[in-house]
Amino acid sequence: MPLGGTLLVTAGVTIVAVVLTFGIARARKRYDTIDTFWGLGFAIVALAAFPFGDGPLSLRLVVTALTVVWGVRLSAHLHLRNHKLPEDPRYVRMAERSGPAKMFVRVYLVQAAVLYFVSLPVQFAQYSTGIGVLGWLGVAVWLVGFGFETAGDDQLRRFKADPANKGKVLDTGLWRYTRHPNYFGDACVWWGLYLLACSTWPGALTVLSPIAMTYTLAKGTGKPLLEKGMARTRPAYAHYVERTSGFFPLPPKRVTPR
């Protein structure tokens, strides 16, 4: 199938998947179900595009497998983290101001559009000519990102599980070098997948997709919103911010405690 046809198929699949997720959210009475769907949605798009690509089977398998592994792990992690907690207050506040129809449009359809746009490198990579040097570099970047994201999430999970750490700030492990190792890893994953699409010009032109993902994590709804809440609830967080890189892993600064 030509690339244009595949893009139409995956667009339809994305919309159907989001509609089904919205139905599940309504049944659960939790609009934050979309967070669990986020990673899984990318895996669904990759699997939907895989049969239609005309690139080498080895490349298509690598791109699809990397996307599915990342997406399923992220969705499983978020589900296990969130299902025993109250619903995210952001969604509660939005639901109080908006009815179900507006929530579907403002949250679910918007997330579907962002997901589809960010997934373009994965879809275009199905039509790439081969892995090549850039492709193997992409695999290496993906591995670094996946390692950072997975290890960062696990370190934070274990830190929060210890009652003695209540109200404290995690500043060991990867969190010593960046305040958001999971977000940094997430961005690396998508730059790695983008490099796998770069063996052809159409794939290289999807560079705005990893840029959009990185911007969202570092400047949009990721890091800024999370840090705003952390600064409000943890007094030690201000000092942590002073000495620790906000996104890219760097050695911590020497700062005298106030």
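The values are calculated or read from the model by the stated rules, or taken from the named source; none is laboratory data. These numbers were taken from a predicted model, which means no experiment stands behind them. Glycine gets a Cβ as well: all are built from the backbone with ideal geometry, and neighbour counts include every protein chain shown.
Any residue at all in the stretch 76-86 that is closer than 20 Å to GLN123 by Cα, in a helix (DSSP H, G or I) and touching a residue at least 40 places away in the same chain (Cβ under 8 Å)?
For the stretch 76-86, residues closer than 20 Å to GLN123 by Cα, in a helix (DSSP H, G or I) and touching a residue at least 40 places away in the same chain (Cβ under 8 Å): absent.
Let's see how each residue does on (1) surrounded by fewer than 19 Cβ atoms within 10 Å (Cβ to Cβ); (2) closer than 25 Å to ILE15 by Cβ; (3) not aliphatic (A, V, I, L, M):
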{"residue": "ALA49", "(1), (2), (3)": "no, yes, no"}
{"residue": "SER58", "(1), (2), (3)": "yes, no, yes"}
{"residue": "LEU80", "(1), (2), (3)": "yes, no, no"}
{"residue": "VAL122", "(1), (2), (3)": "no, yes, no"}
{"residue": "GLY135", "(1), (2), (3)": "no, no, yes"}
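Condition check ((1) hydrophobic (A, V, I, L, M, F, W, C); (2) in contact (Cβ under 8 Å) with a residue 40 or more places away in the chain; (3) touching a strand residue (DSSP E or B) at 6+ places or on another chain (Cβ under 9 Å); (4) not assigned by TED's automatic domain parsing to the domain that holds ALA112) across all residues:
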{"residue": "PRO2", "(1), (2), (3), (4)": "no, no, no, no"}
{"residue": "THR10", "(1), (2), (3), (4)": "no, yes, no, no"}
{"residue": "VAL18", "(1), (2), (3), (4)": "yes, yes, no, no"}
{"residue": "THR21", "(1), (2), (3), (4)": "no, yes, no, no"}
{"residue": "TRP38", "(1), (2), (3), (4)": "yes, yes, no, no"}
{"residue": "PRO51", "(1), (2), (3), (4)": "no, no, no, no"}
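Per-residue answers, yes or no, for (1) farther than 30 Å from ARG81 by Cβ; (2) modelled with pLDDT of 95 or more; (3) surrounded by 13 or more Cβ atoms within 10 Å (Cβ to Cβ):
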residue	(1), (2), (3)
THR14	no, yes, yes
ALA17	no, yes, yes
ARG30	no, no, yes
ASP35	no, no, yes
GLY41	no, yes, yes
VAL45	no, yes, yes
ASP54	yes, no, yes
VAL63	no, yes, yes
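Among the residues of the stretch 203-219, which ones are hydrophobic (A, V, I, L, M, F, W, C) and within 18 Å of TYR183 (Cα to Cα)?
Those that are hydrophobic (A, V, I, L, M, F, W, C) and within 18 Å of TYR183 (Cα to Cα): LEU208, ILE211, ALA212, MET213, LEU217, ALA218.
Checking the conditions here, which among LYS228, LYS166, LYS223, LYS219 is touching a His at 6+ places or on another chain (Cβ under 7 Å), more than 22 Å from VAL133 (Cα to Cα) and modelled with pLDDT under 90?
LYS223
Take LYS84 and decide whether it is on the phi < 0 side of the Ramachandran plot and loosely packed, with under 13 Cβ neighbours inside 10 Å.
Against the criterion (on the phi < 0 side of the Ramachandran plot and loosely packed, with under 13 Cβ neighbours inside 10 Å), LYS84 qualifies.
Return the residues of the stretch 170-188 that are in contact with a Pro (Cβ under 9 Å, 6 or more places away or on another chain) and either in contact (Cβ under 8 Å) with a residue 24 or more places away in the chain or aliphatic (A, V, I, L, M) (or both); say none if nothing qualifies.
ASP171, LEU174, TRP175, ARG176, TYR177, THR178, PRO181, PHE184, ALA187
Taking PHE148 as the residue in question, decide whether it is farther than 20 Å from THR36 by Cα and of a type in the set (Phe, Trp, Tyr).
Considered against the rule, which asks whether it is farther than 20 Å from THR36 by Cα and of a type in the set (Phe, Trp, Tyr), PHE148 comes out as no.
For the stretch 150-258, list the helices (runs of 4 or more DSSP H) that sit wholly inside it and hold at least 3 residues that are surrounded by 17 or more Cβ atoms within 10 Å (Cβ to Cβ); which are they?
Helices (runs of 4 or more DSSP H) meeting the threshold: 181-196, 208-218.
Considering each of VAL92, VAL110 in turn, give the residue that is in a helix (DSSP H, G or I) and either modelled with pLDDT of 95 or more or closer than 24 Å to GLY71 by Cβ (or both).
Residue meeting the stated conditions: VAL110.
Which condition number does ALA95 fail, the rest of (1) assigned by TED's automatic domain parsing to the domain that holds ILE211; (2) more than 17 Å from the chain's Cα centre (by Cα); (3) small (Gly, Ala, Ser) being met?
Here ALA95 clears every test but (1).
Say whether the condition of being in a loop (DSSP other than H, G, I, E, B), in contact with a helix residue (DSSP H, G or I) (Cβ under 6 Å, 6 or more places away or on another chain) and among the hydroxyl-bearing types (Ser, Thr, Tyr) is met by at least one residue in the stretch 15-32.
yes
Which residues, taken from the stretch 183-212, are modelled with pLDDT of 95 or more and closer than 22 Å to ALA151 by Cα?
Selection gives PHE184, GLY185, ASP186, ALA187, CYS188, VAL189, TRP190, TRP191, GLY192, LEU193, PRO210.
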